[in-house]
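> Have a look at this one.
The values are calculated or read from the model by the stated rules, or taken from the named source; none is laboratory data. Here the structure is a predicted model, which means the values were calculated and not measured. Because the Cβ atoms are built from the backbone with ideal geometry, glycine has one as well, and the counts that use them run over all protein chains shown.
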Amino acid sequence: MGDFPDRFPNPVSLTHEAATLARVIGVDSPRDAEEPLSPLADLLIEQMGGIAERSLFFHPDAVAEWLFRKYPDYFLPVLRHAPMARPYATVMPSVTPVCFATMYSGAAPAVHGIREYRKPILTVDTLFDRMLEKGLRVANVASAGCSMAMIFADRKMDAFVTEDDADSFRVALALLEEDRYDHISVYFGEYDSIMHARGTEACESLAKLEEHFRHFDLLARKARTLWQGKRHLITVQTDHGVHDQADGRGAHGTDLTADLNVLHFYGAYPN
Ligand SMILES: [Zn+2]
């Protein structure tokens, strides 16, 4: 992304998102979460006419903010269902387990304890724990070996560990149709995998990004159809951005603004 620099890091840290979404879902903040973005939480609640009764969080890996600005048409399915965009700076090091641990705990890496590319069980309090304590029925859909599957593996929620993103899509669609869950998190990691090998803007990489959002479109359409009559929240939340290395491969983990700057998207629907 040499010709498309992000000059400034986004001012608001990802550490503020967990408490914000906790308020929107009507659960307590995770214990170590930094303070919520109250105006955003209030607006989402206002748009729903109350706290969310159902929620779908979609997590495509490594979707940098600059990808939105350079390829806005790819994001039209995102805007269809989650039109409110919010910039965040993710945390350092900008790698998957560290960033998802922050996204769900609201805590900085020094506090939540995952400070490098490792995938231990996350031991601090998280949004998942607050949802479970409230009695919400929670599903987490992610492929085997990925951070989202591993760092929450001990939680007493229904974990669906899949073969790949296509399998995650099919499982998540089936779960929505069954309507057994109040909350579903879905992780897709294949844009990240391909761009590491081929570069952030290689045809194969961008085709995978487009596929991710096509699958999100179908999941969100299904959710919005089935959840009519319930206040519901649909989000698209990536973990970190991405940049190209001199060898043409994609990478992240640094404090380049290309790695830190992300946009998260929210759609809030009344009953
Ligand atoms: Zn990642």
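> Looking at segment 140-173, which of its residues are assigned to a loop (DSSP other than H, G, I, E, B), closer than 18 Å to Thr102 by Cα and within 16 Å of the ligand (Cβ to nearest atom)?
Cys146, Ile151, Phe152
> Then there is this: I'd like the full set of residues that are of a type outside the set (A, V, I, L, M), part of a helix (DSSP H, G or I) and buried (at least 16 other Cβ atoms within 10 Å of the Cβ), limited to segment 198-209.
Hits for segment 198-209 are Arg198, Ser205, Lys208.
> Does segment 75-83 contain any residue that is under 25 Å from Gln245 (Cα atoms), touching a residue at least 24 places away in the same chain (Cβ under 8 Å) and either away from the ligand (no atom under 16 Å from the Cβ) or surrounded by fewer than 21 Cβ atoms within 10 Å (Cβ to Cβ) (or both)?
Keep residues of segment 75-83 that are under 25 Å from Gln245 (Cα atoms), which gives 75.
From the residues that got through so far, the ones that are touching a residue at least 24 places away in the same chain (Cβ under 8 Å) too are 75.
Imposing the further condition that a residue be either away from the ligand (no atom under 16 Å from the Cβ) or surrounded by fewer than 21 Cβ atoms within 10 Å (Cβ to Cβ) (or both) reduces the set to 75.
So far as segment 75-83 goes, yes, one or more of its residues are under 25 Å from Gln245 (Cα atoms), touching a residue at least 24 places away in the same chain (Cβ under 8 Å) and either away from the ligand (no atom under 16 Å from the Cβ) or surrounded by fewer than 21 Cβ atoms within 10 Å (Cβ to Cβ) (or both).
> Sticking with this structure for a sec: So which residues in segment 87-111 are more than 20 Å from Leu37 (Cα to Cα) and buried (at least 21 other Cβ atoms within 10 Å of the Cβ)?
If the condition is that a residue be more than 20 Å from Leu37 (Cα to Cα) and buried (at least 21 other Cβ atoms within 10 Å of the Cβ), then Ser94, Val95, Thr96, Pro97, Val98 are the ones that fit.
> When you scan segment 41-61, do you find a residue that is touching a strand residue (DSSP E or B) at 6+ places or on another chain (Cβ under 6 Å), assigned to a helix (DSSP H, G or I), modelled with pLDDT of 95 or more and of a type in the set (Phe, Trp, Tyr), even just one? Talk me through it step by step, then tell me what you get.
Taking segment 41-61 and keeping what is touching a strand residue (DSSP E or B) at 6+ places or on another chain (Cβ under 6 Å), we get 44, 47-48, 52, 54-60.
Adding the requirement that they be assigned to a helix (DSSP H, G or I) leaves 44, 47-48.
Narrowing further to those that are modelled with pLDDT of 95 or more: 44, 47-48.
Okay, now just the ones that are also of a type in the set (Phe, Trp, Tyr), so none.
No, every residue in segment 41-61 fails to be touching a strand residue (DSSP E or B) at 6+ places or on another chain (Cβ under 6 Å), assigned to a helix (DSSP H, G or I), modelled with pLDDT of 95 or more and of a type in the set (Phe, Trp, Tyr).
> Shifting gears a bit: Which of the residues spanning segment 113-139 are within 16 Å of the ligand (Cβ to nearest atom) and either crowded, with 23+ Cβ neighbours inside 10 Å or not in a loop (DSSP other than H, G, I, E, B) (or both)? Explain how you work it out, then say what you get.
As a first pass, look at segment 113-139 and keep what is within 16 Å of the ligand (Cβ to nearest atom): 114-119, 122.
Scanning segment 113-139 gives Ile114, Leu122.
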